[in-house]
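*Asks:* I'd like to ask some things about the structure below.
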Amino acid sequence: MEQQADTDGHPTGNDYIRWPLLTLLFFLILPLRAEELTADQWLERLGPALNMTSYRGVFVYGRGSQMHSLQIAHRYRDGMVQERLVLQDGGGGEIVRKGMEVVCVLPRRGQVRLDQVIPSGPFAEAYAGTGVSMNRWYTAELAGEGRVAGYPVVVITLTAKDGHRYSHRLWLEKKTALLVKGQIGYPDGTVLEHFQFTSLEITNDIADEEFEILSKGQEVTIPLEGDSASAGELAASDGWSLDWFPDGFMVAATPRSGRGQAIAYSDGISAFSVFVEPEGDVQMPTGVSRIGATTVYMRALEISGGRYQVTVVGEIPPDTARQVAESVRVEDALALNEVVDDN
């Protein structure tokens, strides 16, 4: 006969058996709450996590046949992002970011020009979001779970809906939504570019000393500047305009280059930049080149006896980069040359 609670309301023998079982069931169910999020909800967490999660670790980064290893320390404190990347191969060097300023030192190569470098790869500013609804350009789906560098992760696939962007596969750490592994490629599964943490510690205990520049060599500093103006307004102010770029991309930044102004675009996941400048004494080769998912398309443009160089670089297919480059129009050669003279 089953025992009941006594007259004072104290649990009986069966109750003592039942409560541990209920407690165990509660803790078994609790970790599943993160998995109840939809793919879109995970993506909403991704952008803030890239900046606002503090961590240190080592990751490998592969483009085509090239493979690199980098050590990283990243801290978010008092509303400011600090980050230090140290190259583990290829001659060494480091990149240090403090807020909206980036310092690059490659000791064995001397000065490094950053005027044609856009944020790229696992910590791209593109992932921080642009206010664009990615559902219009990608199909987001949950694709399972796993572990990366000792942390449980959820896997998200982003399949491109048109031929102007690549598809992505993202591994997000369950607690923070930090991107810890990523692949870029075609919808058929072909991988062009990838990165993955091999060691990782998510922690707020990162000392100021971990962000000090230790490499010896010439330092180059550039600001990371954003601009709320439209692409047309930005380009026109420098004497050129862009007649076409893929739907879904918006102006993400306007980094000042050494010979003019670049315009960077993002669709919330992918990014590319356009550079227009007078051609120098040495003519650069034209056409397309690609390393992994990163395309570089260069085109010569002749206007009123002057020759200009158009460069499109970013994580977009070669044919898309070509169309963007061919849509550039120099409308005011004098204004474009004045921008170069000012720099």
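*Asks:* Exactly one of (1) assigned to a strand (DSSP E or B); (2) closer than 30 Å to M250 by Cβ; (3) at pLDDT 90 or above; (4) open to solvent by 60 Å² or more (accessible area, probe 1.4 Å) is unmet by I95. Its number?
*Replies:* Exception for I95: condition (3).
*Asks:* To continue, here is another question. Taking I118 as the residue in question, decide whether it is open to solvent by less than 40 Å² (accessible area, probe 1.4 Å), modelled with pLDDT under 70 and under 22 Å from A293 (Cβ atoms).
*Replies:* On the way: open to solvent by less than 40 Å² (accessible area, probe 1.4 Å): yes; modelled with pLDDT under 70: yes; under 22 Å from A293 (Cβ atoms): yes.
Yes; evaluated as a whole, the condition is true for this residue.
*Asks:* Continuing with this model, one more query. Among the residues of the stretch 174-199, write down those that are in a loop (DSSP other than H, G, I, E, B) and of a type outside the set (V, I, T). Give the derivation first.
*Replies:* Let us first name the residues in the stretch 174-199 that are in a loop (DSSP other than H, G, I, E, B), namely 174-178, 186-190.
Of everything in the stretch 174-199, those that are in a loop (DSSP other than H, G, I, E, B) and of a type outside the set (V, I, T) turn out to be K174, K175, A177, L178, Y186, P187, D188, G189.
*Asks:* OK, next. Report, by residue number, each residue of the stretch 243-276 that is open to solvent by 30 Å² or more (accessible area, probe 1.4 Å) and modelled with pLDDT of 80 or more.
*Replies:* D243, W244, F245, D247, M250, V251
*Asks:* Given the conditions (1) within 17 Å of the chain's Cα centre (by Cα); (2) open to solvent by 10 Å² or more (accessible area, probe 1.4 Å); (3) of a type in the set (D, E, K, R), which single one is not true for R147?
*Replies:* (1)
*Asks:* What is the one condition in (1) open to solvent by 50 Å² or more (accessible area, probe 1.4 Å); (2) of a type outside the set (V, I, T); (3) at pLDDT below 90 that R290 does not satisfy?
*Replies:* The failed condition is (3).
*Asks:* While we're here: A73 is checked against (1) open to solvent by 20 Å² or more (accessible area, probe 1.4 Å); (2) at pLDDT 90 or above and fails just one. What number does that condition carry?
*Replies:* The failed condition is (1).
*Asks:* Being in contact with a helix residue (DSSP H, G or I) (Cβ under 6 Å, 6 or more places away or on another chain), surrounded by fewer than 20 Cβ atoms within 10 Å (Cβ to Cβ) and modelled with pLDDT of 95 or more: is that true of T203 here? Give the derivation first.
*Replies:* Working: in contact with a helix residue (DSSP H, G or I) (Cβ under 6 Å, 6 or more places away or on another chain): no; surrounded by fewer than 20 Cβ atoms within 10 Å (Cβ to Cβ): yes; modelled with pLDDT of 95 or more: yes.
When the stated conditions are applied, T203 does not pass them.
The values are calculated or read from the model by the stated rules, or taken from the named source; none is laboratory data. Every value quoted in this text rests on a predicted model; they were computed, and no experiment measured them. Cβ: placed from backbone, ideal geometry, glycine included. Neighbour counts: every protein chain shown. With ligands, DNA and RNA removed, areas are computed over all heavy atoms of the protein, side chains included. Shrake-Rupley method; radii C 1.70, N 1.55, O 1.52, S 1.80 Å.
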